[in-house]
Structures are given as structure tokens and as C-alpha cells.
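The block underneath contains the structure these notes are about, expressed in C-alpha cells.
The values are calculated or read from the model by the stated rules, or taken from the named source; none is laboratory data. Fair warning: this is a prediction, and the values are worked out from it, not measured in the lab. Cβ coordinates were reconstructed from backbone atoms using ideal geometry, including for glycine residues, and neighbour counts include every protein chain displayed.
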Amino acid sequence: DAGVIQSPRHEVTEMGQEVTLRCKPISGHNSLFWYRQTMMRGLELLIYFNNNVPIDDSGMPEDRFSAKMPNASFSTLKIQPSEPRDSAVYFCASIRATGNNSPLHFGNGTRLTVT
Amino acid sequence: KNEVEQSPQNLTAQEGEFITINCSYSVGISALHWLQQHPGGGIVSLFMLSSGKKKHGRLIATINIQEKHSSLHITASHPRDSAVYICAVRSRGGDKIIFGKGTRLHILP
């Protein structure tokens, strides 16, 4: 299995531009999480989906952030317009929601820099 | 107060020392995860626990459900163990995963 795949690995953009981050979860995993990691705040949950349905988006910082999961194998996190304070590493993770014995798998993250 | 608290925040030790990292949580959980992140690296899962104790090589993880506490131990620590160790809990009755802020471990040669 290829694991959780995120793209791009790095993104540098100017303030005001739209940014789209992509995630492909592990096949068969039905929960998907988007996290943001900064030095100051550590890992923060932004939103998570169960069976492609958004369950909890209370961590999404502002209306500038939106996430979609159109099918079981793809999710996007969009920031529009981007701001310098959005600079962080964004991780996607997936897990099999049923049962307690499924480990959590992370993608390699997207390092976003907004100038 | 955070729902998942880790201690210490930072730890520096000499190679060979026995290391303990603690995690306390305040919510009902169905599972607890210990994760490792090397500098500039991705996050990998070390353990997933719902009770008792697990061992993998020099790493040991324990959990006390009644006390809502888990520990991660590293025996015979090595510089390559230097990383951030993160405790995460999966809330009972839901699938939300809540993270601690991590413990930054530095093992000196």
C-alpha cells in the first residue's frame, strides 16, 4: 500500500492567492483528518470526515478555509485568499473508523509558505 | 485546559538513559496512539493502545484506563531516538482524534 498521499509537498504562494492541498487516503480507510502543524500551536485538527461526510469542522480557523471529500479516495483543503499566518505544515491522516485496532496513518504533509 | 496533556515538553538525556514520556487525558477514549515525528519529517504511528502494555524493540507503551494516563518508555536510548513524540486519543463514541502538544526528545551521544 502506498500510504496516505499528499500533494504538493511544498507550496509557496503570495498573500491573496488561492491554495489547494490534496490528499488520497489509504484504500479502505473511511475516516480522514486534516491537521495543521506550527511551532507555536503544535498539531491542530481542522476537520474530519467519516464516509466522505464532514463530521466536525470546528477547527477550521475561518471562512477562508474549506474542505471537500467528493469520494472515498480524494479530499481537498482550500484556502482562499491565503494569508502569511496560514504558513504551516498541513497533514492529512486516515484511519479505518470501525473497530479500535486500526492505527492512524499520516501523509508526509504539505509545507505551505505564504509570503 | 487541554484534553490531552503531555510531560515533559522538552527532554534532553544522555545516550543509554531510560526515557519516560507521560500523557494524561480528560475524555473517555476508545484508543490511544503514540506517534513519532523526526525533525522535518513525517509522522509515524508507534503504538495504538486500548489497554495494558505493548512493546516494540526498545519502546514500551503502557496505559491505565482508570487513571486516564499513558506512558511511553525508551530503554537504552540512542541519538536516533531524538524526535518529537506525540500522544493522541480517539474519543469514545466518536472518531475525533485529539493530540497532545508533543514532547521534544534530544538524546546526546
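Could you check A:Val4 against (1) free of Cβ contacts under 8 Å to residues at least 40 places away in the same chain; (2) surrounded by 15 or more Cβ atoms within 10 Å (Cβ to Cβ) and say which number it fails?
(1)
Taking only the range B:34-51 into account, find how many residues are facing chain A (nearest Cβ under 7 Å), under 18 Å from B:His69 (Cα atoms) and assigned to a strand (DSSP E or B).
1
Does B:Gly28 satisfy being within 11 Å of chain A (Cβ to nearest Cβ), on the phi < 0 side of the Ramachandran plot and modelled with pLDDT under 95?
In short, no.
Consider the range B:1-18. How many of its residues are among the acidic types (Asp, Glu) and either within 14 Å of another protein chain (Cβ to nearest Cβ) or closer than 29 Å to A:Thr110 by Cβ (or both)?
Here the count works out to 2.
Every residue in the range B:6-16 that is exposed (fewer than 15 other Cβ atoms within 10 Å of the Cβ) and either out of contact with any Ser or Thr (no Cβ under 8 Å at 6 or more places or on another chain) or of a type outside the set (Gly, Ala, Ser) (or both), please.
B:Pro8, B:Gln9, B:Asn10, B:Thr12, B:Gln14, B:Glu15
Restricted to the range B:42-84, and to residues that are within 24 Å of B:Glu15 (Cβ to Cβ) and touching a Cys at 6+ places or on another chain (Cβ under 9 Å), which residue is surrounded by the fewest Cβ atoms within 10 Å (Cβ to Cβ)?
Result: B:Ser71.
Go over the candidates A:Arg41, A:Arg111 one by one and state the one that is within 22 Å of B:Gly40 (Cβ to Cβ), of a type in the set (D, E, K, R) and at pLDDT 95 or above.
Checking each option against the conditions leaves just A:Arg111.
I need a count of the residues in the range A:12-45 that are in contact (Cβ under 8 Å) with a residue 40 or more places away in the chain and under 11 Å from the mean Cα position of the chain (by Cα).
12
Quick test for you: out of B:Ile98, B:Ile21, pick the one residue that is crowded, with 17+ Cβ neighbours inside 10 Å, among the aliphatic types (A, V, I, L, M) and at the interface with chain A (Cβ under 10 Å from one of its Cβ atoms).
Only one candidate qualifies: B:Ile98.
Which residues, taken from the range B:52-65, are in contact with a strand residue (DSSP E or B) (Cβ under 9 Å, 6 or more places away or on another chain) and assigned to a loop (DSSP other than H, G, I, E, B)?
Passing the criteria: B:Arg58, B:Ile65.
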